[in-house]
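The values are calculated or read from the model by the stated rules, or taken from the named source; none is laboratory data. Small disclaimer: the values here were computed from a predicted structure and weren't measured. Quick reminder, even Gly has a Cβ in these numbers, built from the backbone with ideal geometry, and neighbours come from all protein chains shown. Surface accessibility is based on the protein's heavy atoms, side chains included, excluding ligands, DNA and RNA. Shrake-Rupley method; radii C 1.70, N 1.55, O 1.52, S 1.80 Å.
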Amino acid sequence: ESVLLQIDPAIVKFDMNLVRNIHEDVNRQMLLKNLMEYTRKRRIITLAEGVETEGELKLLLEYGVDLFQGF
């Protein structure tokens, strides 16, 4: 069973492996969309790790990610 179903986190952090070049990868975008829908319904704050390009940042903002880590 998924860890997210077993606990009630305040924040969910998206790993840089998901974030890296997400603006160029439709599969990663679909996964993010689903994760954002889930976290929004549960009122969980989202944080994206490893944001290093303007393209990544713009897409993450568009999808509603709350917080960012990166250069």
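Details
- Single residue of the stretch 52-66 satisfying the filter (under 9 Å from the mean Cα position of the chain (by Cα) and not in a helix (DSSP H, G or I)) that is surrounded by the fewest Cβ atoms within 10 Å (Cβ to Cβ): Gly64
- Within the stretch 1-18, the set of residues being β-branched (Val, Ile, Thr) and either open to solvent by 90 Å² or more (accessible area, probe 1.4 Å) or modelled with pLDDT of 90 or more (or both) comprises Val3, Ile11, Val12.
- Residue in the stretch 36-51 that is open to solvent by less than 80 Å² (accessible area, probe 1.4 Å), at pLDDT 95 or above and out of contact with any strand residue (DSSP E or B) (no Cβ under 7 Å at 6 or more places or on another chain) present: no
- Every residue from the stretch 19-33 that is free of Cβ contacts under 8 Å to residues at least 24 places away in the same chain and either of a type in the set (Lys, Arg) or surrounded by 12 or more Cβ atoms within 10 Å (Cβ to Cβ) (or both): Asp25, Arg28, Leu31
- Among the candidates Lys13, Lys33, the residue that is among the charged types (D, E, K, R) and in a helix (DSSP H, G or I) is uniquely Lys33.
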